[in-house]
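This report refers to the structure that appears directly beneath it.
The values are calculated or read from the model by the stated rules, or taken from the named source; none is laboratory data. Please read all numbers here as calculations on a predicted model, not as lab measurements. Note that each Cβ is placed from the backbone with ideal geometry, even for glycine, and that neighbours are counted across all protein chains shown. Note: accessible area is taken over every heavy atom of the protein model, side chains too, but ligands, DNA and RNA are not part of it. Shrake-Rupley method; radii C 1.70, N 1.55, O 1.52, S 1.80 Å.
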Amino acid sequence: MSADTAAATGHAAAAIRQKPGRGAIADGSTRRSRTVRYVLLLLFLLFVLIPVYVVLITSFKTSGDTTAASQWSFPKTWTLDPWRKAWDVLQPYMIRSLSLAIPAAIISSMIGSVNGFVLARWRFPGANIVFAFILFGMFIPYQAVMLPLRTTFTELDVTRGVPTLIVAHCIYGIPICTLIFRNYYATIVPNEIIESARVDGAGLIQTYARIILPISISGFVVTLIWQFTSVWNDFLFALFLTQQNNGPVTLGLAALAGGQKVDYAASMAGALITSFPTLIVYILLGRWFIGGLMAGALKG
């Protein structure tokens, strides 16, 4: 090998050693993208938690501390009086909301499950048309039917209260529950299982009760969380179909925050108290909720 060739080879080897590999470049790019992602997530987290911070610290303040100038500062005197006042006002409303949200969520979920099974796996002529009419109910705004709905209940001599709200929420919950369960069964349940049940002589009710219902836990978790949260947080139906003395917790919270002189500390404590039931539901059923979504509950 000549001296010139050896020198050229040495320079090329040195250049290769100095040049970063593709793996190093990829690692650097991945690290930067991960850093940007974490920074954005942290900013979103702060954006969400700042109002929670204000609500939380205000709920422990006295009436004299709840001013605009001191809304970001810690209480000068920590007190539980706002929580006691909020609980005394909201306790009967909370009980009525539980007696409303639990049966409404269960009934609408059961009806949606049966509808979804029939429309997905026990089909009949015109099933798609029936499904389209059911889905149409999802796009009717509450405001458009509130006065006719109240007039209908009045003409039927139905007393305004929790039973009236249960009926209204069950009816309005049927479309979304039917959509969730129809897509869930269309994705999860094979046709061969249904055909085998028919060959063995099982009818519609037997097939649903013995085969479909035991594998519907994930779908029920999705609809129960959805319906419980919707019913618990509803204010418009409660305003039109109940009264102050027999309404749910949203009316109680509005009464707590109303009046000539607003007790902001008690209002913030009341807001936190009313959010606890839905938070507990998500904590207990959250992992099955994600599983139900991923299993096809919201796929079309």
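I'd like the accessible area for residue 282: 1.4 Å probe, protein heavy atoms, all chains in place, Å² to the nearest 10.
My reading of the accessible area for residue 282 is about 100 Å².
Can you give me the convex hull volume of the Cα atoms of segment 67-154, divided per residue and expressed in Å³?
Values: hull volume 20.8 nm³, N = 88.
Hull volume normalised by residue count: 236 Å³.
Can you tell me the Rg and the Dmax, both Å, for the Cα atoms in segment 34-78?
14.3, 46
What is the gain in length, in nm to one decimal, between residue 239 and residue 146 on full extension, counting 0.36 nm per residue of separation less the C-alpha to C-alpha distance? Can you show the working numbers first?
Details: separation 93, 0.36 × 93 = 33.48 nm, distance 0.99 nm.
Contour length minus the Cα-Cα distance gives 32.5 nm.
Excluding same-chain residues fewer than 8 positions from residue 261, which aspartates and glutamates have a Cα within less than 20 Å of its Cα?
65, 81, 88
Using a 1.4 Å probe and ignoring any ligands, DNA or RNA, find the accessible area of residue 229 and quote it in Å² to the nearest 10.
Accessible area of residue 229: about 30 Å².
Could you quote the convex hull projected area for segment 25-121, Cα atoms only and averaged over all directions, in nm²? Spell out each step's value before the answer.
Details: hull surface 53.8 nm².
The orientation-averaged projected area of the Cα hull of segment 25-121 comes to 13.5 nm².
Taking all protein chains in place and a 1.4 Å probe, what share, in percent, of the accessible surface of segment 80-298 do carbon and sulfur account for?
Details: 7760 of 11240 Å².
Of all accessible area on segment 80-298, carbon and sulfur atoms account for 69 percent.
Do the sum for the chain: with -39,500 (n - 2.57) for every DSSP H run of n ≥ 4, divided by all residues, what is the mean residue ellipticity at 222 nm, to the nearest 500 deg cm²/dmol?
Taken over the chain, the calculation gives -25000 deg cm²/dmol.
What is the Cα radius of gyration of the chain over 2.2 N^0.38 Å, N being its residue count?
1.51
Once segment 182-269 is represented by equal point scatterers at the alpha-carbon sites, with solvent omitted, what log10 I(q)/I(0) does the Debye formula produce at q = 0.10, 0.14, 0.18 Å⁻¹?
So the normalised log intensities are -0.51, -0.68, -0.84.
Can you compute the FRET efficiency between residue 48 and residue 215 using 1/(1 + (r/R0)^6), with r the Cβ-Cβ distance and R0 = 30 Å? Round to the nearest 0.05.
Numbers: r = 36 Å, r/R0 = 1.19.
Computed FRET efficiency for residue 48 and residue 215 comes out at 0.25.
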